[in-house]
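In what follows, a structure is listed as structure tokens, so that the remarks can point back to it.
A short reminder: the numbers here are calculations on the coordinates, not readings from a lab. Source: prediction; values computed, not measured. Note: ideal-geometry Cβ built from the backbone for every residue, glycine included; neighbour counts use all protein chains shown.
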Amino acid sequence: MRLRLYGLSLDINARVVGFLEDGTGDAADVVVTLGELDPDGILPPVPPAEVWYTSPFRTATGVPVLRIRRLPSGHLWWRYSDGTEFLIDATGTRVHAIWPDPLTLEDTLVYLSAVSSDTSFVCAG
């Protein structure tokens, strides 16, 4: 499905509602793959030391709501406290996402809006 979000054209491997469809026929700015996180095998078994961002907001147990790590490849690895994860490639043109049960695709799409906003910044910068 091709849609527009924050001025970006996204190719997404799921049918989603509530987003503006992109019928321009232009190439997608970002390819989004939901349900698969690390197709290239670049994630290390232990998170790398470089934390790029830690949310000031915490869960009831004190865990940051979001932690973003920059991998040696330049990819950004977003890890939410509920187990939802996104991997954005170094150029901001590919996004992969996974989420644990009992979360759903719809839950993950809420986060995708934030990720797409950041991807727009990565592409522009």
Item to check | Rg/Rh ratio calculated on Cα atoms of region 2-124 (Kirkwood radius) | outcome: 0.96
Checklist entry - Gaussian network model of the chain, Cα springs within a sub-10 Å range: biggest mean-square fluctuation belongs to which of Thr104, Thr24, Thr61? => result Thr61
Checklist entry - What is the set of long-range amide H partners of Ser9 at a cut-off below 5 Å, with H atoms built 1.01 Å from backbone N? => result Asp29, Val30
Checklist entry - Where does helix 105-124 land angle-wise versus the long Cα axis of the chain, in degrees 0 to 90, nearest 10? => result 80
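Treat the count of other C-beta atoms within 10 Å as a stand-in for reagent exposure and order Asp101, Asp29 from fewest to most.
Arranged by neighbour count, lowest to highest, Asp101, Asp29 become Asp101, Asp29.
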Checklist entry - Could you work out the helix-only [θ] at 222 nm for the chain, with each DSSP H run of four or more residues adding -39,500 (n - 2.57) and the total divided by the number of residues, to the nearest 500 deg cm²/dmol? => result -5500 deg cm²/dmol
Item to check | Percent RCO, i.e. relative contact order, over region 2-124, from Cα pairs under 8 Å lying at least 6 residues apart | outcome: 21
Item to check | Length gained when the stretch Asp82-Ser113 is fully extended (0.36 nm per residue, less Cα-Cα span) | outcome: 9.5 nm
Checklist entry - Which residue, Tyr53, Tyr111, Tyr80, has the most motion in a Gaussian network model of the chain that connects Cα atoms within less than 10 Å? => result Tyr53
Checklist entry - Say each of Arg70 and Asp101 gets a label point 7 Å from the Cα, pointing the same way as Cα to Cβ; how far apart are those two points in nm? => result 3.8
Checklist entry - By how many nm would the segment from Asp11 to Asp26 grow when fully extended, if each residue of separation counts as 0.36 nm and the alpha-carbon distance is taken off? => result 4.3 nm
Next on the checklist: Rounded to the nearest 5, what % of DSSP beta bridges with both residues in the chain are antiparallel?
Outcome noted: 75
